[in-house]
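The values are calculated or read from the model by the stated rules, or taken from the named source; none is laboratory data. Only a predicted model underlies this, so the values are computations on that prediction, with no experimental measurement involved. Glycine gets a Cβ as well: all are built from the backbone with ideal geometry, and neighbour counts include every protein chain shown.
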Amino acid sequence: MTMYRSVLMLAACAVMCTGLFAEEAVTTAPEPVKTITVGVDSKAFVFSPGNWVGNDNRGGSEYRQTWNAGAYCRIRWTTTAKEPVATLLLDTSTYPEKFSGPTITYSVDGKWTTTGCVPEVKLENLKGTGEHELCVYLTSSQQKLRWGAPGESAVNVLRVKGLQLDETAKPVDSEPDSKWALVIGDSITEGIGASQLASYSHLVEQSLRTLGYEYCNSACGWSGWLNKGDNPPGDVPGYYVISDSENGQGGTYHDDLSRWNKIDGNNHSLLDSAGHISGYGQTGQEPALIMINYGTNDILHKSNPSDTFASMVQGLAALRKSAPDAQLVVLIPFGQFYAAKLKEAVEIHRSNHPDDKKIDIIDLGLDARNSLNVSKGLYGGLHPNDRGCANFAAQIIPQLVMILAGK
């Protein structure tokens, strides 16, 4: 009887202890962090001009998307939370199964992280109360499925939905700088051969940021004045497509085959209602600077020489008409591809537009070409490596600053 009573007491104790532990586990579970979501239509978001479209043409509240490497967005906010949280919200629904989407690099208060695109990117390196700033760059993507087609969304894009913050956070309204630069080019400008944030274009663009410019990196591998961009048989149109010219003159312009006035293939125009290039779709948002680096792929892929030259001349005229006050800069390809013809095209433009004093050339010369032609050289090959890009940017930046200063 005594043993039986002891067993009953032990069993009762076990039940009571189990209940106590279960109750303790429930009561000590941490409460979920309460959050707010800042949508892409918030005035706290700033997007790089000329790069992004939304669910309502170039606006809307659901998302902003881009396919251009080097495109960026940023947002600032304040918080009183000592352990703040922030999650970048992305829409990856356009990606096919097992598709590797773009890579992004973001900085939080100056600390950098690189990651792939997933629906929720919890920001690392976020500490303390006060003001914080996030800047996100699209740094690389597969060179395919980026342009899209009329009536359809492109597949290979970065699509931002918003930023989720702790409930004590307050977004800080920002305005983009009024001046902006449109930087146009091929794979070298896109950043192939170097990490995108070490490419010559990014380094030049960051120098422009210190001068108060926003910028649009509009570059695509394989592309040229006539040559289609992205992995052959790429779907990104040539820049300014002319056919049936004679000796570089005349010919027929094909708007449907050209990308100079479009953001993507889904009928999103880069032009405003007045026919001018626009940073965000409204009038009075023309770029202050346009720098273009084309010619390499037209040589390598054997585009028609007459039509290519006609494209240079007529393309520069179209840029001037669509950006009447912009400084135009023709950057001679580092490999000297079409160097003589590009210089001739600029001279013809000056002759045809005698009042246009805002078109210039930057040419790094034979030294740049030779540095890329050395087998196993320090500067890389056709596509400059990080060292090559750094050296070329160091030569471009002071010339560009002098041009912008009117010297």
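Here Ser223 does not fit the description of being among the hydroxyl-bearing types (Ser, Thr, Tyr), part of a strand (DSSP E or B) and surrounded by 17 or more Cβ atoms within 10 Å (Cβ to Cβ). Where strands (runs of 3 or more DSSP E) fall entirely within region 144-189, those with at least 3 residues that are in contact (Cβ under 8 Å) with a residue 40 or more places away in the chain, crowded, with 18+ Cβ neighbours inside 10 Å and touching a strand residue (DSSP E or B) at 6+ places or on another chain (Cβ under 9 Å) are at 158-166, 179-185. Which of the residues belonging to region 380-405 are farther than 19 Å from Tyr213 by Cβ and without any contact (Cβ under 8 Å) to a residue 12 or more places away in the chain? Result: Arg387, single match.
Which residues, taken from region 266-322, are of a type in the set (Ser, Thr, Tyr) and either surrounded by fewer than 23 Cβ atoms within 10 Å (Cβ to Cβ) or under 22 Å from Asp235 (Cβ atoms) (or both)? Matches in region 266-322: Ser269, Ser273, Tyr280, Thr283, Tyr294, Thr296, Ser303, Ser306, Thr308, Ser311, Ser322. Scanning region 173-201 for residues that are in contact with a His (Cβ under 9 Å, 6 or more places away or on another chain), among the hydrophobic types (A, V, I, L, M, F, W, C) and more than 20 Å from Lys228 (Cβ to Cβ) returns a single hit, Ala194. Flag: Leu134 does not match the condition of being in contact with a Leu (Cβ under 6 Å, 6 or more places away or on another chain), in the same structural domain as Ala44 (by TED's automatic domain parsing), in contact (Cβ under 8 Å) with a residue 60 or more places away in the chain and in a strand (DSSP E or B). Selection of strands (runs of 3 or more DSSP E) fully inside region 280-394 by the criterion of at least 3 residues being of a type outside the set (Val, Ile, Thr) and modelled with pLDDT of 95 or more returns 289-293, 327-331. Take the conditions (1) at pLDDT 95 or above; (2) in contact with a Cys (Cβ under 6 Å, 6 or more places away or on another chain); Ala194 misses just one of them, which is (1).
Within region 241-254, the set of residues being surrounded by fewer than 20 Cβ atoms within 10 Å (Cβ to Cβ) and touching a strand residue (DSSP E or B) at 6+ places or on another chain (Cβ under 9 Å) comprises Ser243, Asp244, Gly250, Gly251, Thr252, Tyr253, His254. What are the residues in region 95-108 that are over 16 Å from Glu124 (Cβ atoms) and either surrounded by fewer than 17 Cβ atoms within 10 Å (Cβ to Cβ) or within 18 Å of the chain's Cα centre (by Cα) (or both), if any? Across region 95-108, the qualifying residues are Pro96, Glu97, Lys98, Phe99, Ser100, Gly101, Pro102. Put simply, of Val160, Val172 the only residue that is at pLDDT 95 or above, in contact with a Phe, Trp or Tyr (Cβ under 8 Å, 6 or more places away or on another chain) and within 21 Å of Lys262 (Cβ to Cβ) is Val160. For region 374-392, the count of residues that are more than 20 Å from Ala198 (Cα to Cα) and in the same structural domain as Ile188 (by TED's automatic domain parsing) is nonzero.
Just one of the listed residues (Gly60, Gly70, Gly130, Gly116) is modelled with pLDDT of 95 or more and touching a helix residue (DSSP H, G or I) at 6+ places or on another chain (Cβ under 8 Å), and it is Gly70. Filtering Gly221, Gly229 for residues that are touching a Phe, Trp or Tyr at 6+ places or on another chain (Cβ under 7 Å) and assigned by TED's automatic domain parsing to the domain that holds Asp298 leaves a single hit, Gly229. If the condition is being under 21 Å from Val157 (Cβ atoms) and either surrounded by fewer than 13 Cβ atoms within 10 Å (Cβ to Cβ) or among the basic types (Lys, Arg) (or both), then region 117-143 contributes Val118, Pro119, Glu120.
Conditions (1) assigned by TED's automatic domain parsing to the domain that holds Gln206; (2) part of a strand (DSSP E or B); (3) modelled with pLDDT of 95 or more, marked per residue:
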| position | (1), (2), (3) |
| --- | --- |
| Leu10 | no, no, no |
| Glu23 | no, no, no |
| Ser42 | no, no, yes |
| Leu89 | no, yes, yes |
